[in-house]
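Since every read-out is calculated from the coordinates, none of them should be taken as a lab result. Computed from a predicted model, the values in this text were never measured in an experiment. Note that we place each Cβ from the backbone using ideal geometry, even for glycine, and neighbour counts take in every protein chain shown.
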Amino acid sequence: MGEEDFQRGHEYRGLFLSFEGPEAGGKTSQKNRTVAWLRNDLGYEVNEVRHPGGTEIGEKVRKILLDPENWEMDDVTELLLFGSCLSQLVAQEVRPALRRGEIVVADRFIDSFAVYQGVAGGISNEKVLQVAGLGLQGVYPDLTHVFDVSPEIAAVRLGDDLDRMEQKGPEFHAKVRQGYLDIVNDRPRRVKMINTDSLGEDGVWGKVRGNISDYLDAYDLRDNLRKVR
């Protein structure tokens, strides 16, 4: 793969990777393997973040968002809380790291925001983009992996211990899945989808590592990213 297969998401020297997908798709496991590979095997400075959360302020808001007792939360309130997390994360962690030439690896980012609050949450795309634009300030991931999973398999993997977002029901999560599929179709240079229904963790990891390696080579980043001293 070359530059025609990818795109840059910001103006800085660093690399921004995000991991997305419906609940129980395996994104966090793949994110952890990616961080270990980039940091321990390749020697890069890697910053792990998550959305919502990733900062002291963001983690406090995350608790409010995911608390099952907050079932009465209004959709617009939820949108603004997620947006506040996004803004703080970019300002405090993501942008400074990219300026330093480091790698940022995010467990969910803008695509989750668009899918969960917009497509599935019923908020208009215009309002979601307005809030997201304020928070992102021109910083988007360079490469995003979406880990797709069928609703039936996701239900088995999740079990019964669910947070507030996971409790939203099958119709909501069907919309989430479709929202991600639409993003993959709309942004093929940035977003790469991997279906995890029948592909084992090692098989998924092979695809992730291959895509990241191709990206590093396409933009000649291997010797230009900041390494651990």
Using alpha-carbon coordinates, inclination of helix 201-218 to the longest axis of the chain, degrees: 50 degrees
Pairs of Lys in region 1-129 closer than 23 Å at Cα, counting only those 8 or more apart or on different chains: 4
Peptides ranked, highest mean first, by Cβ atoms within 10 Å: ranges 105-114, 118-127: 105-114, 118-127
Helix 75-89 vs. the chain, principal-axis angle (Cα, 0 to 90°, nearest 10): 20 degrees
Under 14 Å from Lys175, Cα to Cα: aspartates and glutamates that are on another chain or at least 8 residues apart: Glu23, Asp111, Asp148, Glu166
Amide H within-cut-off set for Val104, under 5 Å, with H built and near neighbours excluded: Leu15, Phe16, Leu17, Asn47
Calculated [θ] (222 nm, deg cm²/dmol) that DSSP helices of n ≥ 4 give over the chain, each run adding -39,500 (n - 2.57): -13000 deg cm²/dmol
Residues with amide H under 5 Å from that of Tyr44, placed H, sequence gap 5 or more: Arg39, Val228
In sequence order, calculated HN-Hα J values of region 47-57 (Karplus, 6.51, -1.76, 1.60; Hz; x Gly/Pro): 10, 8, 9, 9, 10, x, x, x, 9, 4, 5
